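Working notes, structure below.
Bear in mind that the values in this text are calculations on the coordinates, not laboratory data. Since the model is a prediction, treat every value here as computed from it, not as a measurement. Don't worry about glycine lacking a Cβ; one is built from the backbone with ideal geometry, like all the others, and counts go over all protein chains shown.
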Amino acid sequence: MPPLSQLTSSFERPFRAWFVLACGFALVTTSKVSADDDLFKKEIAPLLQRRCLSCHNDDQSKSALSLSTPTDLGKAGYLDVNDVDTSYLLEVVTPQNGKADMPKDGEPLSSDEIRMLRKWIESGAKWPQSLTLEPLAVSDRDWWSLRPLLSQQHLLMPGNASLNPVDHFVEAKLAQQELTAIEQADPRTLIRRLTYDLTGLPPTPDEVKAFLKASDNNSETAWDAAVDRLLDSTAFGEKWAQHWLDVARYAETHGYDKDKPRENAWPYRDYVIRSFNDDKAYSRFVQEQIAGDALFPNDSDGVLGLGFLAAGPWDFIGHWEVGEGKLDGRIAKHLDRDEMASAVFNVFMSTTVQCAQCHHHKFDPIRMEDYYRLHAVFAAVDRADRVYQGLPPEKQRRKDELIAQISELKQEQDRLTTSIRREVAAKASGIDRRIAELTEKYGSGTGLKPQYGYHSQISQVADETKWVQLDLGQRRGIEEVRIIPAYDQFNDIGAGFGFPVRYRVEAANDAEFQQGVRLLFDASNQDQPNPRTQTIVVS
């Protein structure tokens, strides 16, 4: 908020400032406009975007100030081109005792930046009307995570060439803290740690004995041999693939409320395990999982790797039961493509992107346009089962033979089925015609026809009392009351449709009704079985 001295004419000042700005635009010469435009575009606009627009824009105009257009700035009343020193914009950015009111959560503007801002106001605060400013996606892109990797040779500890490069950094940190490393573990501990680290399993007793024996002769050779043996084992890929599968959101069910199983998810899991065990190049590993079908169409791994895109959660109801014909289905489709695009960026770029579907990303250099360009890459991608083609050659041949045998048997089955159906149809045609004639003449023979009985109003609770009153019109003598259950074929409900679990039958004439009723039948003490089509007689 401005100081009290600036609020003496709160209604007059914004109008006066805008009037001065408008006059300033009207009175400049053509050459002056060109020079001032260059000043704004090259110096002032980048300054406002870099230091001000994150808080003062069309979407977020703190202190009722937006710096998106000259109109927004003029309405705020923060400038006076006839008296630069009274311009409130300069006041809030000029440090007092080393601190300025704005930017609120950042470093104050430098003296050069303030000088440039003053120069712009003195020249008439020219701003091309067609130019609208938007906040940068990221105001400071000089983050450690966005810098290129650099060599760290200067950090290596001198005088110990035998150390692993990683150990140099450990030694450097220990030295900085004036600490020393503990002595190396004994061979039995080392083989257990190594085996657990590389395979996730403990070493067998024979493996421990073999390592201890080899270490007695030459510890370095024994260690190298143990490392090579464990790296060559299939358990290595099974152990380390789990970490990648976690990153890839892999699961063998869809997630969401109907967590249906994915019976054909395992080929991608096995592909990842095999890639680790084959020491596949990471660049190839990445390409196969993002665009393997396009880059390697003749390689089975080019298809299997695409399981990465479909490994995440999938809304079965939204996609399958609702479908894109309804809004919920279209939303599910969008979220599914968002999940794919987000996974690619999160995993392979270590960068979040999903927030940019609604606004320019606040913490990464990603704009909404970037997000929807990426979204369009996956717009035509859908999920479905595919024929697995990743078998070894000998197993693939066996599979092809089995498929051929199954095809022959199905053809024979179809031939026999067709022949039998024709024979049955020929012999039964007369019978079907006779049944139709009798049914039309005498009905179905059961004596039952679909009818709707009395249906009370539906209640939210089962124990709410419902009643039906039958008025005979005059006093009559009754020997018995017959209750006939309804028979309804709607949704195959059938006999006894809607029959109450507990009920009473009462009678009264007009005179007695005011004083009480006579209980004829009571079935309200406990639940009664459904009578189906059996008539209940009350005498």
- Evaluate the distance, in nm, between pseudo-label points positioned 7 Å from the Cα of Leu327 and of Thr71 along their respective Cα→Cβ axes. 3.1
- Message: Could you give each residue of segment 218-235 its phi-based ³J(HN,Hα) in whole Hz, using Karplus coefficients 6.51, -1.76, 1.60 with θ = phi - 60°, and x for Gly or Pro?
- Response: 7, 5, 5, 5, 4, 5, 4, 5, 5, 5, 4, 5, 6, 5, 7, 6, 5, 5
- Message: Could you check the spin-label model distance between Thr94 and Lys410? Points 7 Å from the Cα along Cα→Cβ, value in nm.
- Response: 8.5
- With 0.36 nm assigned to each residue of separation and the Cα-Cα distance removed, Ile403 to Ser459 gains 14.5 nm
- Give, in nm to one decimal, the length gained when the segment between Ala436 and Gln242 is fully stretched (0.36 nm per residue of separation minus the Cα-Cα distance). 63.3 nm
- Query: What is the packing order of peptides 311-322, 214-225, 461-472, taking the mean over residues of other C-beta atoms within 10 Å and listing the highest first?
  - Reply: 311-322, 214-225, 461-472
- Per-residue HN-Hα couplings for segment 111-126 [Karplus 6.51, -1.76, 1.60; θ = phi - 60°; Hz; x = Gly/Pro]: 4, 5, 5, 5, 4, 5, 5, 5, 4, 5, 5, 4, 7, x, 6, 5
- How large is ³J(HN,Hα) for each residue in segment 408-414, as worked out from phi by the Karplus curve 6.51 cos²θ - 1.76 cosθ + 1.60 (θ = phi - 60°), to whole Hz, x for Gly and Pro? 4, 5, 5, 5, 5, 4, 4
- Item | Among 526-534, 346-354, the order from most to least packed when residues are scored by Cβ within 10 Å on average | 346-354, 526-534
- Dmax and Rg, reported as Rg then Dmax, of segment 291-377 (C-alpha, Å): 14.6, 42
- Query: Using 7 Å Cα-to-Cβ label points, what is the Leu391/Ser300 separation (nm, one decimal)?
  - Reply: 0.8
- Message: Going by amide H atoms built from the backbone, whose H comes under 5 Å of the H on Phe521, apart from near neighbours?
- Response: Val505
- Item | Order by protection proxy (mean Cβ within 10 Å, highest first), peptides 476-484, 126-134 | 126-134, 476-484
- Query: Taking amide H positions as placed 1.01 Å from N in the peptide plane, with prolines and chain starts having none, which residues 5 or more places from Ala495, or on another chain, fall under 5 Å of its amide H?
  - Reply: Asp488
- Query: How high is the FRET efficiency from Glu220 to Tyr256, r the C-beta distance, R0 60 Å, rounded to 0.05?
  - Reply: 0.65
